[in-house]
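In what follows, a structure is listed as structure tokens, so that the remarks can point back to it.
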Amino acid sequence: MKEGLVIRTTGSWYRVLTDTTAIDCRLRGNYRLRGNKQTNPVAVGDRVLFEMQDDGTGVIHEVEDRRNYIVRRATKLSKQTHVIAANIDLLCIVATLGLPRTSTGFIDRLLVTAEAYHIPAAILFNKVDLYDDELWEIHNEMKAVYTAAGYPVLEVSALDGTGLDEVNRLIGGKTVLFSGHSGVGKSALLNALSPGLGLKVGQLSDWSLKGRHTTTFAEIHHVPLSTLNSKLLTYLIDTPGIKEFGMVDFNAQELGHFFPEMRAVLHDCHFANCTHRHEPGCAVKAAVEEGRISAERYRNYLNIIDGIDETN
Ligand SMILES: Nc1nc2c(ncn2[C@@H]2O[C@H](COP(=O)(O)OP(=O)(O)OP(=O)(O)O)[C@@H](O)[C@H]2O)c(=O)[nH]1
Ligand SMILES: [Mg+2]
Ligand SMILES: [Zn+2]
């Protein structure tokens, strides 16, 4: 039996990287799914044990226990979940105030999910070459909010190279998942970070500001990133753009714990099971009123809670 890292999944084929080569594998026919809640039993980032066949393909027998993973709802109303990736060190949310513009609501849903699954997260604002004074002003306000909440915020441009050294320092030696809307420049950014990757980059025309889902499946690219001191082997995971991030599995009482700035004060709420909406003596609401917690982050919190009430 050989061991390897799943770097790509398409349909029923899994590309598995070993020390020496990449093998296309299928899953053993009677492979037992972990419950029926997940649509994909094997995701990029999984480490697997597989057996070689005479025809040069492999058969996966075991998926090793995951250190962590991140999931989203398979479709909007589905109870099933889709594992985006497993065993990741950092989630880089690729956002932009250019086109297609990323809302804080979208960013916060991803951040909450990263918190819930114990995955460190950072926000990369791409396309800053397109920012005018007004966008920089909005950007700086957003940056202050997310920095205060504890998340690294970087300004980058895949086009002119702004911020790439900082990104290198942040991601060197890690397995990094890049996620965000279609068209924000995830693949372009990976190409800029590692010239030679040659990932397909979309066309963004005026009549279609939405991006075009150029990347169609998640794939891990392992690249030696040159940093100031050394070459670190880094695993970059490019993913298809997502329109809405469907979150899973949270209840109203635990959601506040996934906003670090709320987590810091919520032990002062009068009620232990406070959901920070209308309860008297709520420390979170007090912090929002006093401007210690961003009103926008709080609004996004309320929106997520409303969504929870709808689906449960
Ligand atoms: N001006 C500018 N354009 C950029 C930048 N980065 C990417 N783009 C453009 O944005 C468009 C989308 O880039 P992609 O890299 O394909 O975006 P993506 O996030 O991978 O999109 P999907 O694969 O569909 O999820 C392309 O036309 C890029 O040339 C940037 O920093 N500045
Ligand atoms: Mg792409
Ligand atoms: Zn409260």
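Within the stretch 259-277, residues that are without any contact (Cβ under 8 Å) to a residue 12 or more places away in the chain reach partners that are part of a helix (DSSP H, G or I) and loosely packed, with under 15 Cβ neighbours inside 10 Å with beta carbons closer than 7 Å, at six or more positions or on different chains, in the pairs Arg263/His257. For the stretch 73-107, the tally of residues that are touching a helix residue (DSSP H, G or I) at 6+ places or on another chain (Cβ under 6 Å) and more than 24 Å from Leu164 (Cα to Cα) stands at 1. Of all the criteria given as (1) of a type in the set (D, E, K, R); (2) surrounded by 18 or more Cβ atoms within 10 Å (Cβ to Cβ); (3) farther than 24 Å from His221 by Cα, the one not satisfied by Lys37 is (2).
Taken residue by residue, the stretch 286-295 has at least one member that is surrounded by 13 or more Cβ atoms within 10 Å (Cβ to Cβ), away from ligand 3 (no atom under 14 Å from the Cβ), under 29 Å from Gly185 (Cα atoms) and over 21 Å from the mean Cα position of the chain (by Cα). Picking from residues in the stretch 83-92 that are in contact with a Gly (Cβ under 6 Å, 6 or more places away or on another chain) and part of a strand (DSSP E or B), the one that is nearest to ligand 2 (Cβ to nearest atom) is Ala85.
The criterion of at least 2 residues that are within 16 Å of ligand 2 (Cβ to nearest atom) and modelled with pLDDT of 95 or more is met by the following helices (runs of 4 or more DSSP H) wholly inside the stretch 101-205: 186-193. Within the stretch 230-275, the residues that satisfy the criterion of being in a loop (DSSP other than H, G, I, E, B) and within 16 Å of ligand 1 (Cβ to nearest atom) are Thr239, Pro240, Gly241, Ile242, Lys243, Glu244, Phe245.
For the stretch 85-100, what are the residues that are among the aliphatic types (A, V, I, L, M) and at pLDDT 95 or above? Talk me through it step by step, then tell me what you get.
Taking the stretch 85-100 first, the residues among the aliphatic types (A, V, I, L, M) are 85-86, 88, 90-91, 93-95, 97, 99.
Passing the criteria: Ala85, Ala86, Ile88, Leu90, Leu91, Ile93, Val94, Ala95, Leu97.
The values are calculated or read from the model by the stated rules, or taken from the named source; none is laboratory data. As the structure is a computational prediction, the values presented were derived from the model and not from experiment. Quick reminder, even Gly has a Cβ in these numbers, built from the backbone with ideal geometry, and neighbours come from all protein chains shown.
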